[in-house]
Amino acid sequence: MAGIVNADFLPPAADKALLLCDLTQSWSAVGGGVGTYLRAKRAHIIANTPHTHLMILPGSSDAIEESDGGRAITVWLKSPSVPFSPNYRLLLRNGAVRKALARYRPDVIECQDAYNLPWAAIRHRRDHPGTALVAGYMTDFPNVYVERPVSKAVGSAIGSRVGKLCYDYCGKLYRQFDCVYALSEAGGGHLLRALGVEDVQILPLGVDLADFGPDRRDPELRRSLGLSDDQPLLIYVGRMDIEKRPDIIVEAFRTLPESLGAKIVLLGQGPQKDEFEALGDPRIITPGFVTDRPTLARYLASADLYVSAMPNETFGVSVIEAQASGLPVVGVNGGAMPERVLPGMGLLGPIANVRAMAANIQAVLASDHRAMGERGRAYVSGEYSWPHSMEKLFGTIIPHALARAATRRLPGVVPAGSLVEA
C-alpha cells in the first residue's frame, strides 16, 4: 500500500480547525507541572490557532464549562481527592471518560500520565481509528512510586524486580501511541527508546518571562517573614512528599550555622508539611499553596537561592521559574537537573546527601550568587519559552501523530504499535 495516495486519508491541512483533547489525572488548580503546561497550551490554542481545546479533568463534581466562543471546553468528572494532596484527584471513571470522548470525537487525544486514563484513549481509538494519540512521559513513576518505596520497605532486590515490571508496562503502553514525548533526554527520552518506543520527541516546557523576574522582588514580603536585607532566604516550591524529597532540604538547612541568619520558605502541601511544622523551628516557614502566579513570582524573586532534592525530575518547571526569577539553584545530580542547572548557575551534589547539600548552599551564598542567578535567567530566556514549546508541539509532535493516524486508516495498513497489545 506504500504507493497509494488518497486525499481522504491525508492528515488535516495545517490551517484546518481541529479538536484537540487533553486527558489527564495530574491536574491541580493551584500549580503543578502538568497544570502549568495545559494552561499555556490552552492560551496558545485560543490566541494563535483555529483549533478547539477540550480538557477532560478530575473535579469535585460532574460539569461542563465552555468559554472563548466554545473553543475552550472543560469536562469535569467527579473524582475523590488524593490523600495528603487535596489539590489533586483520582479520575478512575474510564467509562465516563469514554462517553465524553465519544460525544466530542477529538482529532487528537494527548495523555500526560501512565495509569488508567491512557487505556480509555486507546479503547476509544478502536472505534475511531483516525484518532491520533499522543503521550507525554511526565513522571518517572516506576522509580519514584514503585521501586524506591518498595525497596525501602522490603529490600532493593524485590524493589528492583517490581520496578522492572513497571518499566516493561511503560514500554507496552507507550508503544501503542502515535507519538510520544519526554520533557528531556535524561528525564525519559533515553529510557523510552530503550523500552522500544519509536519516534520519541523532546518537548521542553517553558516559563513566562513576563510573569517571573527579579523585578518582582518585594521588600515588604521579606520583612513580613522577619528578614533583614542582609539575611539570606532559601525557597522550595512543590509537593511535600517522598517523590520531591523536601525532607533532605530541611535536614540540610537545619545543619547550616545559625550565624548565617538564613530562613527557608517551603511553598506547597503534602504529608511531610506537618512534620516540618512539628519541628517548631521559626526559621522554617510553611505558607502552604499559593493560589496565583503573581504571588508565586513575588516569593521566588524575594528569595536568594532555590533548593531542590528531587532526584528524578523529568523537567523541573519550578526550577526554571526560579531561574527566570534570578535565583541560583542548589540541587542534585540526577534526572533532568543537570540539563537545567549548568555550570555557573548553581551547584549540584549527590542524591540524598544532606551534608553535601548544606555545603553547596553555603558555597553558593558565599559566592557571587546574584551573578549565578543572572546567568540562569539568561539561559532560561534563550532556551525555555512557551512559544518555543508550542512550536515543537504543533510543528512536530501533533503533525507526526496525525500523519500516523491517517496512515493507519488506509485499508490493510497497520503501522507498528497501533494495535492494543493487551
message: Just to be sure I understand, how many residues within region 62-88 are farther than 25 Å from residue 393 by Cα and open to solvent by less than 60 Å² (accessible area, probe 1.4 Å)?
response: 8
query: Do you know which of the residues in region 280-318 that are aromatic (Phe, Trp, Tyr) and more than 30 Å from residue 185 (Cβ to Cβ) is surrounded by the fewest Cβ atoms within 10 Å (Cβ to Cβ)?
result: 289
- request: May I ask you to say which residue of 234, 256, 221, 266 is part of a helix (DSSP H, G or I), open to solvent by less than 40 Å² (accessible area, probe 1.4 Å) and at pLDDT 95 or above?
  value: 221
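The rows are residues; the columns are (1) at pLDDT 90 or above; (2) in a loop (DSSP other than H, G, I, E, B).
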site	(1), (2)
176	yes, yes
189	no, no
196	yes, yes
211	yes, yes
250	yes, no
- prompt: Limited to region 82-103, what total is found for residues that are more than 16 Å from residue 115 (Cα to Cα), without any contact (Cβ under 8 Å) to a residue 40 or more places away in the chain and in a strand (DSSP E or B)?
  reply: 0
task: Could you identify the single residue in 277, 321 that is assigned to a helix (DSSP H, G or I) and open to solvent by 30 Å² or more (accessible area, probe 1.4 Å)?
output: 277
- request: Being acidic (Asp, Glu) and touching a residue at least 12 places away in the same chain (Cβ under 8 Å) is the filter; apply it to region 344-385 and report the residue that is least open to solvent (accessible area, probe 1.4 Å).
  value: 383
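Residues checked against (1) more than 25 Å from the chain's Cα centre (by Cα); (2) touching a residue at least 12 places away in the same chain (Cβ under 8 Å); (3) closer than 26 Å to residue 379 by Cα:
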| position | (1), (2), (3) |
| --- | --- |
| 167 | no, yes, no |
| 172 | no, yes, no |
| 206 | no, yes, yes |
| 211 | no, yes, yes |
| 223 | yes, no, no |
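Each row is one residue, and each column tells you yes or no for (1) buried (at least 19 other Cβ atoms within 10 Å of the Cβ); (2) among the small types (Gly, Ala, Ser); (3) modelled with pLDDT under 80; (4) part of a strand (DSSP E or B).
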{"site": "142", "(1), (2), (3), (4)": "yes, no, yes, no"}
{"site": "160", "(1), (2), (3), (4)": "no, yes, no, no"}
{"site": "165", "(1), (2), (3), (4)": "no, no, no, no"}
{"site": "168", "(1), (2), (3), (4)": "no, no, no, no"}
{"site": "171", "(1), (2), (3), (4)": "no, yes, no, no"}
query: Do we have residue 114 as of a type in the set (A, V, I, L, M, F, W, C) and outside any helix (DSSP H, G or I) here?
result: yes
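The values are calculated or read from the model by the stated rules, or taken from the named source; none is laboratory data. Keep in mind the model is a prediction, meaning the values are calculated, not measured. No Cβ is skipped: glycine too gets one built from the backbone with ideal geometry, and neighbour counts run over all protein chains shown. Just the protein is used for accessible areas: all its heavy atoms, side chains included, with ligands, DNA and RNA removed. Shrake-Rupley method; radii C 1.70, N 1.55, O 1.52, S 1.80 Å.
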